[in-house]
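The values are calculated or read from the model by the stated rules, or taken from the named source; none is laboratory data. It should be emphasised that the depicted structure is a prediction, and the values quoted were computed from it without experimental measurement. Here Cβ is always computed from backbone atoms with ideal geometry, including for glycine, and neighbour counts include all displayed protein chains.
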Amino acid sequence: MAAALLVPLSAASPAQAAGSATEADPGAAPGQFTETNLGADRTEADFFYRIPALLHLGDGVVLASWDARPGSAADAPNPNSIVQRRSTDNGKTWGPMTTIAAGFAGSAEEGKYGYSDPSYVHDEQTGKVFAFFVYSKDQGFHGSTWGNDDENRQVISAAVVESSDGGLTWSEPRLITEVVKPGDGAVPGAVRSTFATSGAGIQLSRGEYAGRLIQQYAGDVMQPDGSRSIQAYSVYSDDHGATWQRGEFTGSRMDENKVVELSDGRVMLNSRDSAGDGYRKVAVSEDGGHSYSQVSADHQLPDPTNNAHITQLYPGAEAGSAEAKKLLYTGANSKTGRQNVSARVSCDDGQTWPGLRTIRRGFSAYSVASALDDGQFGVFYEGGYTDSMQFASFDEQWLNYVCAPLAAPELTAAAGEQAELEVTIANQEDRAISGTLALAESSQATAEPLSIEPLEAGQSRTVALPVDISALANGTQQLQLVFTEADGTQSQGLVDAQINGQEVTGIEVTGQRADSGRDLATDPYAEGEKVPYSFTVKNTGNINQWVVPTEGNFAPFAAKPVGEPSEAGNCRYSNLAAGASYQCTTPRHAVTAEDLSNGYFTPQTTWTSGKLGDYATVANEYRIIGDEVDLLVRAPGLEARAGQPVLADLDDDGYASAGDTVSYEATVQNTGNVRLTGITGGGIEIPELAAGQSATATITRQLQASDIEQAKLAEAAETLAGNNGAKQATAELVLPALDLPVQEQEEASGKPGKAVLSHDNGQDSGLQDGDYTITMDLRYGANATEFILYENGEQIARQPLAANGQEAQQASVGITGKANGTYKYQGVLRNAAGQRKTAVLAVKVTDAAPGAPKLSAQVDAQAGTITVSSELRWGTNATSYQLFENGKLVDEQQLDADTPNAQQATTVLEDRAPGTYRYRAAVANAAGSTDSKQLVVRVK
């Protein structure tokens with residue numbers, strides 16, 4: 001599959017102990033767990049690794065092999081090779097990778113060929129090891145034609161190799177196509193195409209067929225009625241592999257299948273379901289694998305059409321013993337996607353599966369398992385389709401199981417109600433058990449733990465478990481029962497539930513970089529390189545949905561609607577189950593020069609989702625902006641230096657006066673390795689600086705009366721800050737002190753002293769809104785008897801002043817209703833001795849018009865009602881409001897202005913038919929009007 005679902009049947013419950021059936025961390029107690037990636041090295045050939053096989057030979061020797069696929073992770077007829085690693089210390093360490101069978105990409109003289117899907121079979125009586133696999137030329141499973149002529153390049157063939165030295169060396173491939181692929185044409189019983197099931201086969205050890213070697217196959221078989229069906233069958237040998245025979249075809253719509261010997265010598269077949277019904281298929285053989293019973297689905301083994309494995313927990317146990325009845329199963333714990341590879345334990349020859357523990361949370365696919373030496377177990381599985389071939393090792397204590405299977409009839413209930421579930425618990429242990437019964441945490445249903453009184457060995461008991469159904473639950477679900485014994489061991493069981501509720505749609509999208517092994521300090525990205533990225537998409541609704549990404553800064557990524565051809569590797573998903581997830585690992589972001597200048601890029605994608613069957617109607621649309629993805633080790637830096645101060649004598653009186661200015665030329669430099677934007681501080685505004693770039697700017701300080709009194713402008717410092725995405729660089733800009741040339745104070749009888757004008761625009765509400773006060777301060781010198789204020793050269797106010805020698809004087813003039821713009825004010829102070837002007841004061845008004853309103857809407861599709869709300873949370877208040885629907889005015893309201901408090905207006909629109917509606921609001925006051933952004937509302 002191009003993408004795999006990632007959600008487990010159950011999530012971790014806080015009520016469960018560590019090591020529980022729903023435990024998320026495989027490394028948690030009890031027991032021991034280790035894991036090693038055997039496929040981390042893709043070699044110079046840049047192989048893609050898939051399809052694990054595993055075999056334990058005893059005395060610490062373990063073999064692991066898999067497909068090395070050149071160019072892509074494609075199946076045959078890709079010219080794949082079979083590679084192997086060997087351990088001699090029970091899987092603790094592993095030798096180098098060797099090749100069992102090498103594929104060939106083809107040449108002008110010879111066509112290509114490849115080997116795929118390895119599976120081991122060990123003859124414990126002779127010590128010989130066999131490895132089975134596909135031998136392909138020009139066709140794979142789906143393209144193979146009828147017949148078994150291995151020279152025909154259109155025929156897929158079956159190969160086997162042998163080793164007599166514990167897997168150190170291997171024979172040349174021997175072809176057994178005639179055995180496993182009978183028939184020369186499309187006649188009943190003929191096999192069009194076939195493959196050996198990868199992983200491992202078995203050797204029987206009990207009863208009439210002891211010593212028999214069995215390898216499983218799946219084939220596309222012609223039926224008596226002229227139809228074709230994928231069937232399972234055993235290929236076996238009773239002469240230690242010298243010859244091989246084919247058993248009878250079994251089942252329909254089968255796939256990769258495994259077998260295990262039961263405690264009484266019978267053989268159980270366990271198969272992937274190619275029909276996609278969500279469960280493993282099971283049958284039993286009474287004749288050593290030659291034929292099998294009718295196939296049935298095991299509802300305790302969910303299956304997302306994935307290759308799983310089944311084996312004995314205690315190989316060599318005495319026939320009929322309790323240990324001989326214990327089986328180990330590994331497979332994806334999901335009905336819908338390859339994820340959460342887990343280990344399950346059966347205590348009754350596979351009739352029930354009470355033991356469960358997760359090996360890997362998240363994407364994980366094919367697996368194979370084996371008992372090892374020293375009470376250990378090994379599981380070799382796919383953690384990905386590129387370079388993640390994981391070997392996990394654990395002991396029996398880690399499995400944390402109790403032989404106490406749980407069973408319950410199908411539950412039918414209504415969403416939001418409580419139902420009672422009749423649960424039967426059977427004690428298969430040789431001692432009494434007691435504990436609690438509960439449901440694993442689920443978005444569908446919950447249940448309070450129910451105490452289970454002591455249950456004697458061999459007994460069963462049925463109890464009533466109250467279950468609260470979620471109000472959002474809907475459709476066919478599986479609930480997980482969990483029994484926790486007093487010692488912490490657990491058993492589990494799955495129960496089908498049919499919940500009647502309302503449909504809810506929605507998805508959740510998260511993303512993360514997929515290059516965690518790259519050291520950006522030593523290996524930063526270069527322009528044109530591609531950054532791997534992974535998205536996880538979860539269905540948060542309660543019905544199956546399609547998911548289509550429509551745009552983003554990745555490729556491959558976007559897709560056309562379901563059913564339409566789209567670029568390979570896109571992240572589209574046509575049928576995502578309720579509560580399930582999938583992971584898309586194919587997206588790549590091509591690094592641009594701008595990305596490198598920034599040192600990062602920001603993932604930006606758009607996703608849509610909707611109901612199955614209606615691929616043209618978008619139920620939900622999401623704009624996802626991810627966390628910044630570093631392309632190098634970012635080290636933003638900033639430095640600032642100020643030049644010498646320069647005095648500006650604005651009133652041209654030859655002295656420093658209050659209101660005069662002192663300016664500095666500042667040099668600002670980006671000393672880091674990435675671009676900085678929005679550099680501000682101390683009145684400086686620099687849009688951006690590339691790494692190493694500098695810019696100059698002027699900082700101006702206005703002299704105050706206190707500066708004149710001290711005859712000195714003291715040293716000051718300003719903090720500058722620049723942004724590099726979410727990171728910031730700061731610098732301190734020191735402004736040197738300046739000695740001021742000041743005039744000696746005039747006598748009280750002289751003309752008025754030098755006054756200073758100031759304003760409070762923006763200080764009352766934070767808005768430059770055109771309502772402010774101009775204040776005149778005369779702090780030294782002779783008093784004035786009159787103050788006159790000019791605005792843009794026009795007199796706007798005249799006030800008498802009470803003279804009192806050289807005491808400070810003050811006057812204020814209120815200004816209101818100014819539109820956006822710049823206004824210049826100058827004051828004149830008079831007394832009997834003459835007059836003096838103040839410096840010019842400039843006041844900027846930028847927020848006189850209303851702020852921008854933000855629109856939101858609530859839709860009641862059933863009633864056809866749309867409620868549109870307009871909120872003005874920041875900015876000057878408005879006095880009127882208008883709402884336009886599809887360009888037409890539909891509502892007008894008068895508003896009470898009370899800046900800076902927020903304003904809100906609400907419009908209820910009725911009788912809206914299904915369709916798309918576009919809304920825009922306009923708010924106004926005496927200074928102007930402002931429009932909102934457009935809001936698009938869909939009524940379904």
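Annotations for the structure displayed:
- Tallying residues that are in a loop (DSSP other than H, G, I, E, B), modelled with pLDDT of 90 or more and on the phi < 0 side of the Ramachandran plot within segment 762-795 yields 3.
One line per residue, one yes/no per condition, for (1) under 20 Å from LYS128 (Cα atoms); (2) touching a Phe, Trp or Tyr at 6+ places or on another chain (Cβ under 7 Å); (3) of a type outside the set (Phe, Trp, Tyr); (4) modelled with pLDDT of 95 or more:
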{"site": "GLU151", "(1), (2), (3), (4)": "no, no, yes, yes"}
{"site": "GLN154", "(1), (2), (3), (4)": "no, no, yes, yes"}
{"site": "ALA159", "(1), (2), (3), (4)": "yes, yes, yes, yes"}
{"site": "SER163", "(1), (2), (3), (4)": "yes, yes, yes, yes"}
{"site": "THR169", "(1), (2), (3), (4)": "yes, no, yes, yes"}
{"site": "THR177", "(1), (2), (3), (4)": "no, no, yes, yes"}
{"site": "THR194", "(1), (2), (3), (4)": "no, yes, yes, yes"}
{"site": "PRO224", "(1), (2), (3), (4)": "no, no, yes, yes"}
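- Residue in segment 206-214 that is part of a strand (DSSP E or B) and touching a residue at least 12 places away in the same chain (Cβ under 8 Å) present: yes
- Those residues of segment 112-131 which are surrounded by fewer than 24 Cβ atoms within 10 Å (Cβ to Cβ) and on the phi > 0 side of the Ramachandran plot, in sequence order: GLY127
- Candidate set from segment 555-587 (those that are of a type in the set (D, E, K, R) and without any contact (Cβ under 8 Å) to a residue 24 or more places away in the chain); member that is surrounded by the fewest Cβ atoms within 10 Å (Cβ to Cβ): GLU564
- Those strands (runs of 3 or more DSSP E) lying entirely in segment 265-360 with at least 1 residues over 24 Å from ASP117 (Cβ atoms): 279-285, 296-302, 341-346, 355-358
- Residue match in segment 449-468 (condition: touching a Gly at 6+ places or on another chain (Cβ under 6 Å) and part of a loop (DSSP other than H, G, I, E, B)): no
- Residue within segment 878-886 that is at positive phi and modelled with pLDDT of 90 or more present: yes
- Residue within segment 467-480 that is within 32 Å of the chain's Cα centre (by Cα), of a type outside the set (A, V, I, L, M, F, W, C) and within 24 Å of LEU399 (Cα to Cα) present: yes
- Given (1) acidic (Asp, Glu); (2) part of a loop (DSSP other than H, G, I, E, B); (3) crowded, with 16+ Cβ neighbours inside 10 Å, number of the condition ASP595 does not satisfy: (2)
To keep it simple, each residue is scored yes or no on (1) of a type outside the set (A, V, I, L, M); (2) within 30 Å of the chain's Cα centre (by Cα).
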position: ALA242; (1), (2): no, no
position: LYS258; (1), (2): yes, no
position: VAL267; (1), (2): no, no
position: SER285; (1), (2): yes, no
position: THR305; (1), (2): yes, yes
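- Filter result for ALA897 (more than 30 Å from THR816 (Cα to Cα), in a loop (DSSP other than H, G, I, E, B) and out of contact with any Lys or Arg (no Cβ under 7 Å at 6 or more places or on another chain)): no
- Evaluation of ASN542 against (1) surrounded by 17 or more Cβ atoms within 10 Å (Cβ to Cβ); (2) assigned to a strand (DSSP E or B) (one fails), failing number: (2)
- Members of segment 73-109 found to be within 21 Å of GLU162 (Cα to Cα), polar (S, T, N, Q) and free of Cβ contacts under 8 Å to residues at least 60 places away in the same chain, listed by number: ASN80, SER81, SER87, THR88, THR98, THR99
- Taken together, the residues in segment 902-926 that are assigned to a loop (DSSP other than H, G, I, E, B) and farther than 30 Å from THR816 by Cα amount to 5.
- Here is the figure for segment 227-254: residues that are among the hydroxyl-bearing types (Ser, Thr, Tyr) and touching a Lys or Arg at 6+ places or on another chain (Cβ under 8 Å) total 5.
- The single condition among (1) touching a Leu at 6+ places or on another chain (Cβ under 8 Å); (2) crowded, with 21+ Cβ neighbours inside 10 Å; (3) on the phi < 0 side of the Ramachandran plot that ASP150 does not meet is (2).
- The strands (runs of 3 or more DSSP E) found wholly in segment 809-886 and carrying at least 1 residues that are of a type in the set (Phe, Trp, Tyr) and within 17 Å of ASP898 (Cα to Cα) occupy 880-885.
- Test set (1) outside any loop (DSSP other than H, G, I, E, B); (2) in contact (Cβ under 8 Å) with a residue 60 or more places away in the chain - ALA521 fails condition number: (1)
- Residues that are among the basic types (Lys, Arg) and either modelled with pLDDT under 95 or surrounded by fewer than 21 Cβ atoms within 10 Å (Cβ to Cβ) (or both), drawn from segment 242-265: ARG246, ARG253
- Which listed residue is among the hydroxyl-bearing types (Ser, Thr, Tyr) and surrounded by fewer than 23 Cβ atoms within 10 Å (Cβ to Cβ), from TYR366, TYR279: TYR279
- Checklist (1) buried (at least 20 other Cβ atoms within 10 Å of the Cβ); (2) touching a His at 6+ places or on another chain (Cβ under 9 Å) applied to ALA784, failing item: (2)
Table: residues versus (1) closer than 30 Å to ASP764 by Cα; (2) in contact with a His (Cβ under 8 Å, 6 or more places away or on another chain); (3) surrounded by 10 or more Cβ atoms within 10 Å (Cβ to Cβ); (4) not aromatic (Phe, Trp, Tyr).
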site: TYR881; (1), (2), (3), (4): yes, no, yes, no
site: GLN904; (1), (2), (3), (4): yes, no, yes, yes
site: ALA913; (1), (2), (3), (4): no, no, no, yes
site: THR916; (1), (2), (3), (4): no, no, no, yes
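- Hey, GLN693 in contact with a Lys or Arg (Cβ under 9 Å, 6 or more places away or on another chain) and at negative phi or not: yes
- Selection status of THR436, in contact with a Phe, Trp or Tyr (Cβ under 9 Å, 6 or more places away or on another chain) and either surrounded by fewer than 21 Cβ atoms within 10 Å (Cβ to Cβ) or among the acidic types (Asp, Glu) (or both): yes
- Of residues in segment 154-175 being more than 22 Å from LEU54 (Cβ to Cβ) and of a type in the set (Val, Ile, Thr), the one surrounded by the most Cβ atoms within 10 Å (Cβ to Cβ): ILE156
- Counted residues, segment 57-72 - those being touching a residue at least 40 places away in the same chain (Cβ under 8 Å) and in contact with a Pro (Cβ under 8 Å, 6 or more places away or on another chain): 4
- Residue list for segment 320-329, restricted to those being over 17 Å from GLY375 (Cβ atoms), surrounded by fewer than 24 Cβ atoms within 10 Å (Cβ to Cβ) and not small (Gly, Ala, Ser): LYS325
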